[in-house]
Amino acid sequence: MGEGEKETFYYKDFRLRDIGKPRYRHVFMVLWWAVYSPIFMLVGKHAYETGIYTVIHSALDDMIPFQEGFILFYDLWYGFVAGMLVYALLFDVQAYKKGMWSFILFFTSILIVCIVFPNGHDFQPKTFPRDNFLTDLVKILYSLDRPTNILPSEHVIGAWIVVFMASDSKKLSKPWILSLFIFAALGITLSVVFVKQHSVVDIFAAIPVIVLCYFVCFYKGDRSPVMRASKKLFGF
């Protein structure tokens, strides 16, 4: 897709019979989430219920106070990722491809790590220093999202993949818009420890993954290693 087409609706000439053409095959990449998500949850559930996992804990974790306000950033992650993928799918397909390859390659790798090396933490608070709407949201999080499959933090990695996608977009890479994306990613990064859903170790472990993701999927734009391989192997 040429530079001038980047921020226009990609499917204006689309017909259902065209879905198998290389121009539109990228749409099927989203099906990966339907396979990956339940497997990830089952692996985490098994580790939690059996108690067979390595506890990730550092002295720094005990020094970080619980701050329920960060649940807003933590929960923002889901819309942050989904919203960016939908926008890119509709208006910036190259950014969508890079983002999806990032999730497919690196989230799948993390899943393999969690299968081979089950991990979790044991310091979720049993009681809260305050009782308010935000702590109620944290309680809901704890009931739905077990503290397993935490190393490295997918929340942190996924947030910065979204930043990379935004920086790859002609419209979203404008300084003031990209600054908002970076602010949100920083908030999400901090939230994982302030709501006691991750160890600080999980953030440090995420950093090299984020750097590798950038160089594999986004560096050199459309000539990045993953985009060249995608074109050669799959035609899109």
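Kindly point out which whole DSSP H helices in the chain project their C-alpha atoms 24 angstrom or further along the helix axis while averaging a Kyte-Doolittle hydropathy of 0.0 or above.
Numbers: long enough: 31-50 (30 Å, 0.52); 71-91 (30 Å, 1.75); 175-194 (28 Å, 2.20).
In the chain, the long hydrophobic H runs are 31-50, 71-91, 175-194.
Specify which labelled value, from (1) 70, 42, 30; (2) 56, 39, 31; (3) 61, 38, 30, agrees with Cα extents along the principal axes in Å derived from the coordinates of the model shown.
Only one listed value fits the structure, namely (2).
In terms of Cα to Cα distance under 25 Å, which lysines are near enough to residue 231, apart from those fewer than 8 places away along the same chain?
Counting by Cα, and skipping residues close in sequence, residue 231 has these lysines nearby: 6, 12, 21, 97, 98, 170, 171, 220.
Output the peptides 221-227, 166-172 sorted from most to least packed, where packing is the average of other Cβ atoms within 10 Å over each peptide's residues.
Numbers: 221-227: 15.0, 166-172: 19.0.
In descending order of packing, they fall as 166-172, 221-227.
Note down the relative contact order for the chain as a percent, whole number, built from C-alpha pairs under 8 angstrom at least six residues apart.
On the way: 272 pairs, mean separation 71.0, N = 236.
After rounding, I find 30 percent.
Sorted by packing (mean other beta-carbon atoms within 10 Å per residue), highest first, where do 129-137, 111-119, 150-158 land?
Details: 129-137: 12.7, 111-119: 15.4, 150-158: 24.6.
The packing order, highest mean first, is 150-158, 111-119, 129-137.
Straight-line reach only, C-alpha to C-alpha below 27 angstrom: list the lysines that residue 126 could link to, leaving out same-chain residues fewer than 8 apart.
Here the lysines satisfying the reach criterion relative to residue 126 are 45, 139, 196.
We did not get these values from a lab; they are worked out from the coordinates using the rules stated. Just so it is clear, the structure is predicted and the values come from calculations on it, not from any experiment. Quick reminder, even Gly has a Cβ in these numbers, built from the backbone with ideal geometry, and neighbours come from all protein chains shown.
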